[in-house]
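First the structure, in the form of structure tokens, and then the observations on it.
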Amino acid sequence: MNLKDFMEVVEYRITEGSEYLWHCFDENAYTLTAWNEDYEGWSFNVTFSTKTQEVFVVEACDYKRRRAYRFFNPDHKEAYFAYARKHNKEHMNQAWDNIDFVDLEQEQDWLDKARSIVADKDYDTRVSVPLDLSDDEIFTLMKMAHDRDITLNKLVEDVLWEVVRKHEKETVDKLEV
């Protein structure tokens, strides 16, 4: 992610800015905000280094649909959460009121959602997850999808949901011990 991408999404309309108060990125961290001045509209934030111009995190708040998305530069994501844990920041995932951020895994996913929010268009609320599969693995999955008479995307989505459910069950089981 770079500042140019962010600025294009918000149509170069910045409404405010301030130093970033958490000391988890670097001493030159600064946040720019773009808000369309509509409480049923949207706002976006970008936090970046004023020295290097490196983007640390971008946020998109869709007030109309009550959704919020965030994308971290992978080089800085852990620094944010480590700082939050160390300083007991209980609301580290809260966008506003009772709305938490959905952390996105791919820059393009954030850009697609952000552009749709600005245009007030419906968008896919699912999180895109990058998969690194070999050709043999893809071929095996394609055959499995064909045997089930579903698309490859549907099969992969089903598999991912099954992994999530298994992980949730294991987490609950650990908590009950």
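Where a number appears in this text, it was derived from the coordinates with a stated rule and is not lab data. Worth saying up front: this structure is predicted, and the values here are computed from it rather than measured. Here Cβ is always computed from backbone atoms with ideal geometry, including for glycine, and neighbour counts include all displayed protein chains.
For this structure, a couple of remarks:
- Percent of beta bridges antiparallel (DSSP, the chain, rounded to nearest 5): 95 percent
- Ellipticity at 222 nm from helices only: DSSP H runs of n ≥ 4 in the chain, each -39500 (n - 2.57), divided by the residue count, give -12500 deg cm²/dmol.
- Look at the alpha carbon pairs under 8 Å that are at least 6 residues apart: their mean separation over the length of segment 1-59 gives a relative contact order of 31 percent.
- Contact order relative to length of segment 27-177, as percent, for alpha carbon pairs under 8 angstrom and 6 or more apart: 12 percent
- A Förster radius of 35 Å combined with the Cβ-Cβ distance from Gln94 to Val159 puts the calculated FRET efficiency at roughly 0.70.
- Mean separation of Cα contacts under 8 Å, 6 or more apart, over the residue count of segment 96-177: relative contact order %: 18 percent
- Interchain or long-range residues, amide H under 5 Å from Glu105's placed H: Ser128
- Of the peptides 142-154, 28-40, 55-67, the order by per-residue mean of other Cβ atoms within 10 Å, starting with the highest, comes out as 55-67, 28-40, 142-154.
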